[in-house]
Ligand SMILES: [Zn+2]
């Protein structure tokens, strides 16, 4: 024992705890919040709202999103369950819609350099599935306020959207990034605008936190990142903060190379993918950065026992995580008992978290 008092009864409501962490204030224990996607087959069965309908229909999106809180016990609600809202609103097409897997890109919104000039900023109240996501947000917002839990929505950052996420196919966008920087900058600027228009609509509808997805940042060399991506991602973070939301920046894959650059984005928190070690990230980030993560959702949460999930959660907490959550999104085949084990770990060991009151 380290002599700290163990409190088994929570002193703070989930929203107070979550916002306190964002403000780097002391908390009673670590929050266990859904910052990445939460749709799983077990929660679909519990809620009666299945993919692919829950990607497309507001009522079903609400039911499945709510189940992460009500059934699994996660301390918040997070919708939607995919990363293609912006791209679909710009004309991208998806295929292979399944109950137990993510849809696959069939046709990107931008396939040629000429498409960049034709690309228009979508109207979130009219285009693609954005209206359904906004409707689900409006339904969930008062419910989350009543339960005192955060409502987390997601927007794709300008780098990730211009290089991937259904807007382009990374097979050719990475070539453009090297060979056609002026065209790529035009696209990145437009992607920034698309994200900001969408973020404003989500915040108006009641989102209190935006998970700003930088899914493809790991693929960029640090020297390149210092040019366009840093500027546009930082502007995006700043403007969403000005709209009144908390911003968590998420990057998939091993972001070791550009991690120092991500610290310059000045998001309220950084959500780490599972490939980066939490202790190493904390050592680089220092004490002044809020880190979220990063239990492995592809192996630990799917294949291991609840006891082993709790062990890995304990490691993340002790290594310096401020928000306990998976690295990337929950895999659809995550057993419910492992989601619950993560919540249990937060309640049991969360008093050891960095920001917990001593
Ligand atoms: Zn990810």
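Structure notes:
- Qualifying residue in the stretch 102-116 (condition: under 30 Å from residue 229 (Cβ atoms), assigned to a helix (DSSP H, G or I) and free of Cβ contacts under 8 Å to residues at least 24 places away in the same chain): yes
- Residues being under 18 Å from residue 332 (Cα atoms) and without any contact (Cβ under 8 Å) to a residue 24 or more places away in the chain - total across the stretch 83-101: 2
- Residue count for the stretch 299-358 satisfying the condition of being within 16 Å of the ligand (Cβ to nearest atom) and more than 21 Å from residue 249 (Cβ to Cβ): 7.
- Matching residues in the stretch 262-297 - criterion: being farther than 22 Å from residue 318 by Cβ and either within 13 Å of the ligand (Cβ to nearest atom) or without any contact (Cβ under 8 Å) to a residue 60 or more places away in the chain (or both): 262, 264, 265, 266, 267
- Qualifying residues in the stretch 195-238 (those that are over 18 Å from the mean Cα position of the chain (by Cα) and not in a helix (DSSP H, G or I)) - the one surrounded by the fewest Cβ atoms within 10 Å (Cβ to Cβ): 221
- The residue that is surrounded by the fewest Cβ atoms within 10 Å (Cβ to Cβ), among those in the stretch 304-355 that are assigned to a loop (DSSP other than H, G, I, E, B) and free of Cβ contacts under 8 Å to residues at least 40 places away in the same chain, is 305.
- Yes/no for residue 78 being in contact with a strand residue (DSSP E or B) (Cβ under 9 Å, 6 or more places away or on another chain), farther than 28 Å from residue 158 by Cβ and at pLDDT 95 or above: no
- Scanning the stretch 251-261 for residues that are within 13 Å of the ligand (Cβ to nearest atom) and either in contact with a strand residue (DSSP E or B) (Cβ under 7 Å, 6 or more places away or on another chain) or in a loop (DSSP other than H, G, I, E, B) (or both) turns up 252, 253, 254, 255.
- Flag if residue 166 is over 30 Å from residue 31 (Cα atoms), within 16 Å of the ligand (Cβ to nearest atom) and modelled with pLDDT under 95: yes
- Test: residue in the stretch 219-242 that is modelled with pLDDT under 95, farther than 18 Å from residue 325 by Cβ and within 16 Å of the ligand (Cβ to nearest atom): yes
- Which listed residue is surrounded by fewer than 16 Cβ atoms within 10 Å (Cβ to Cβ) and either more than 26 Å from residue 16 (Cα to Cα) or touching a residue at least 24 places away in the same chain (Cβ under 8 Å) (or both), from 190, 178: 178
The values are calculated or read from the model by the stated rules, or taken from the named source; none is laboratory data. All values reported here derive from a predicted model rather than from experimental measurement. Counting neighbours? That spans all protein chains shown, and the Cβs are built from the backbone with ideal geometry, glycine included.
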